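Report on one structure; see the data block that follows.
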Amino acid sequence: MSRRAAFDFGSNNETAPGVYLRDLCRRLAEQRVSGHAVRVETVGALLVIGVVLLLLETVLPGMVAGVVGFLCIVGGVVLAYTRFGASVGNRVLFGVILGLVVMAVLWIRFFPRSRFGQMLVTRQTVGELGVEKPELLNQTGKALTALRPSGTAIINGRRVDVVTEGPWIESGAQVKVVAVEGMRVVVRKV
């Protein structure tokens, strides 16, 4: 197989980037070209493609790029072990681990503050939940269900889920709102 043939994808109609990357990784891993330089380039290409795909995973949805990138890196390390022996394979493995750790630290440290990272991060509240009911404080109403200690009461003509301060309150009893804590409306028997 010539060097050009390793990158020639032919005229098939599959257009998904994952298909091209999968074929590229497979063809690079299956190369049987004699010569030491081509094999080193194959290992290097797999490692570089894997790192680029892992970086792209942060902006591409679906985990496809990350999985293919990880497989390319593993393929590069395995290829280094099988073609060059344990000594070179260990060096490549150590280099990959060290490189990935350094890249991860740099990515975590600098990416969120970068211009591109700022475009991906939302810093504002998208909407209100509308769960707070401060207007109910000190209002009175009637327990619609038995409050043991939670239930439903009618306060200002509205059905409201409420909780008692502790003791049970029977259905139909008059209640007063003594606290509003987010969604939690606390009542006491009048």
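The values are calculated or read from the model by the stated rules, or taken from the named source; none is laboratory data. This is a predicted model, so every value here is computed, not measured. Counting neighbours? That spans all protein chains shown, and the Cβs are built from the backbone with ideal geometry, glycine included.
Brief remarks follow.
- Residue match in region 134-143 (condition: surrounded by 14 or more Cβ atoms within 10 Å (Cβ to Cβ), part of a loop (DSSP other than H, G, I, E, B) and at pLDDT below 95): yes
- Residues of region 83-107 classified as at pLDDT below 90 and either charged (D, E, K, R) or at positive phi (or both), total: 2
- Tally, over region 108-133, of residues that are modelled with pLDDT of 75 or more and either hydrophobic (A, V, I, L, M, F, W, C) or at positive phi (or both): 7
- Restricting attention to region 159-190 and to residues that are within 19 Å of residue 133 (Cβ to Cβ) and small (Gly, Ala, Ser), the residue that is surrounded by the fewest Cβ atoms within 10 Å (Cβ to Cβ) turns out to be 182.
- Every residue from region 36-77 that is of a type in the set (Ser, Thr, Tyr) and more than 22 Å from the chain's Cα centre (by Cα): 42
- Some residue of region 89-97 being within 30 Å of residue 173 (Cα to Cα), in contact with a helix residue (DSSP H, G or I) (Cβ under 7 Å, 6 or more places away or on another chain) and not in a loop (DSSP other than H, G, I, E, B): no
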